[in-house]
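Structure, as structure tokens:
The values are calculated or read from the model by the stated rules, or taken from the named source; none is laboratory data. Computed from a predicted structure; not experimentally measured. No Cβ is skipped: glycine too gets one built from the backbone with ideal geometry, and neighbour counts run over all protein chains shown. Keep in mind that these areas ignore ligands, DNA and RNA; they rest on the heavy atoms of the full protein, side chains included. Shrake-Rupley method; radii C 1.70, N 1.55, O 1.52, S 1.80 Å.
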Amino acid sequence: MSTVQVLLGERSYPIRIRPGSLADLGEALVAEFETSHAVVITSKPVAARHFAALESGLLRAGIAFEPLLIPDGERAKTLRVAAGLYDRLIEGGVTRQTLLVGLGGGATCDVAAFVASTLLRGLPLVQVPTTLLAQVDASVGGKSALNHPRGKNLIGTFYQPRLVWIDPDVLATLPPRERRAGLAEIVKVASIWDADFFKWLEENAGAVLGLERDALAHAVARACGIKAEIVGLDERDAGLRALLNFGHTLGHAVEVVNGYRHVRHGEAVALGMVFAARLSERRELAPAGTAARLVALLSRVGLATEIADLEPQRPAYLRAIAVDKKGADGAIGFVALREIGRAELVRLTADEILPGAV
Ligand SMILES: NC(=O)c1ccc[n+]([C@@H]2O[C@H](COP(=O)([O-])OP(=O)(O)OC[C@H]3O[C@@H](n4cnc5c(N)ncnc54)[C@H](O)[C@@H]3O)[C@@H](O)[C@H]2O)c1
Ligand SMILES: [Zn+2]
């Protein structure tokens with residue numbers, strides 16, 4: 001079992017990572033919370049694959065539990081779904097000791113966190129992320145989010161779970177495309193924070209993607225460790241945490257222009273990272289060859305690195321970039337690479353990001 005501590009004073013919590021550990025969560029809950037009751041928030045497709053293992057452990061530990069099913073994936077991230085959960089929890093006699101367990105991808109974890117943070121002003125929450133993206137990104141950092149018809153993640157809270165329980169073995173059922181998308185966020189944290197880890201990925205990314213146990217567990221633990229370190233320094237997103245947006249300025253634009261349904265978030269981020277690294281080189285912030293290393297690593301795991309429709313769609317990309325949190329000076333906070341393993345937030349105008357676009 002490897003443990004990453006997220007250090008946030010009295011809101012500190014451990015992320016525990018061990019292949020095959022899903023069936024042991026029950027015992028851990030008894031040990032860590034002295035609880036005898038839990039409500040598991042999950043979706044049908046995830047429950048069909050992984051509830052049995054969790055259930056066996058809960059039964060063994062003598063924990064009474066109840067699964068609450070919500071719609072799969074992004075469709076669950078609405079106030080309506082949250083309200084439905086409030087109804088069912090209140091009808092079920094929820095108290096402030098009721099432990100909520102989120103079992104699923106980032107979307108399910110977001111909903112579980114939102115409900116845990118708002119119902120009775122806060123219920124204890126345990127996250128059990130089951131996609132690679134959720135394991136290395138969504139479950140670390142304590143942001144919960146729901147979507148609004150006008151935009152993604154517009155409604156949310158900061159709320160730390162009490163425990164994150166990661167069993168990398170559950171990724172065996174994850175389609176390869178989802179694995180690659182999750183790997184993009186791993187490459188991201190290596191790029192901005194840890195040159196040694198980037199080098200390790202250059203040698204081991206294939207093994208991670210192929211779900212080789214040791215490699216996968218190491219990659220998940222190190223990626224969580226980096227995010228935890230950054231979040232520990234800037235829980236409320238006041239500065240340093242912005243570095244985690246590396247690749248996301250153009251990445252978001254790729255999602256908006258192509259439609260969220262057609263491109264996975266990690267795929268868009270991969271494209272955005274290459275774009276950002278090239279821009280960093282052009283502005284002489286990063287040494288020549290930085291972007292090439294990123295391209296080589298991303299290509300090796302099968303992620304696209306060239307935005308096919310950038311030229312013909314330039315105005316649409318620009319519009320999408322321009323709605324990104326603009327400051328009074330009309331500039332956008334843009335994460336530039338200084339070298340592999342080190343990033344910096346710079347302020348650029350949209351025209352400096354996509355020259356000739358305005
Ligand atoms: N709160 C945060 O800090 C944060 C950070 C990053 C992303 N997110 C959010 O996370 C969401 C994206 O997460 P995601 O990529 O996990 O997508 P997702 O939650 O939509 O899950 C994608 C699909 O994977 C399936 N799935 C989950 N686990 C599986 C498994 N083990 N085997 C087979 N299929 C499985 C799900 O059924 C779903 O259909 C977005 O809503 C995003 O906004 C939140
Ligand atoms: Zn992201």
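Some points to look at:
- Being free of Cβ contacts under 8 Å to residues at least 40 places away in the same chain and closer than 18 Å to residue 190 by Cα is a description that applies to residue 299.
- Residue count for the stretch 118-150, restricted to those that are within 16 Å of ligand 2 (Cβ to nearest atom) and of a type in the set (A, V, I, L, M, F, W, C): 7
- Candidates 217, 270: the one that is crowded, with 18+ Cβ neighbours inside 10 Å, more than 25 Å from residue 290 (Cβ to Cβ) and more than 13 Å from ligand 1 (Cβ to nearest atom) is 217.
- Selection within the stretch 245-258 - open to solvent by less than 20 Å² (accessible area, probe 1.4 Å) and either under 15 Å from residue 316 (Cα atoms) or out of contact with any strand residue (DSSP E or B) (no Cβ under 8 Å at 6 or more places or on another chain) (or both): 249, 250, 251, 253, 254, 255
- Of the strands (runs of 3 or more DSSP E) lying entirely inside the stretch 5-113, the ones with 2 or more residues being modelled with pLDDT of 95 or more and open to solvent by 10 Å² or more (accessible area, probe 1.4 Å) are found at 13-17, 64-69.
- Of all residues in the stretch 259-290, those satisfying the criterion of being touching a residue at least 40 places away in the same chain (Cβ under 8 Å) and either more than 20 Å from the chain's Cα centre (by Cα) or within 14 Å of residue 340 (Cα to Cα) (or both) are 273, 276, 277, 279, 280, 283, 285, 286, 287, 290.
- Odd one out for residue 229, checked against (1) touching a helix residue (DSSP H, G or I) at 6+ places or on another chain (Cβ under 7 Å); (2) within 16 Å of ligand 1 (Cβ to nearest atom): (1)
- Among (1) at pLDDT below 95; (2) more than 12 Å from the chain's Cα centre (by Cα); (3) on the phi > 0 side of the Ramachandran plot, the one test that residue 141 misses: (2)
- Residue match in the stretch 154-168 (condition: within 9 Å of ligand 1 (Cβ to nearest atom), assigned to a helix (DSSP H, G or I), within 19 Å of residue 2 (Cβ to Cβ) and open to solvent by less than 20 Å² (accessible area, probe 1.4 Å)): no
- All positions within the stretch 30-68 that are free of Cβ contacts under 8 Å to residues at least 12 places away in the same chain and either within 16 Å of ligand 2 (Cβ to nearest atom) or not small (Gly, Ala, Ser) (or both): 34, 55
- Of all residues in the stretch 237-252, those being more than 10 Å from ligand 2 (Cβ to nearest atom), closer than 22 Å to residue 297 by Cβ and in contact with an Asp or Glu (Cβ under 9 Å, 6 or more places away or on another chain) number 2.
- The stretch 123-147, subset over 18 Å from residue 185 (Cβ atoms) and open to solvent by 10 Å² or more (accessible area, probe 1.4 Å), residue farthest from ligand 1 (Cβ to nearest atom): 124
- Exactly one residue out of 242, 181, 223 is within 20 Å of residue 292 (Cα to Cα), open to solvent by less than 40 Å² (accessible area, probe 1.4 Å) and touching a residue at least 12 places away in the same chain (Cβ under 8 Å): that is 181.
- Yes/no for residue 268 being out of contact with any Leu (no Cβ under 6 Å at 6 or more places or on another chain) and on the phi < 0 side of the Ramachandran plot: yes
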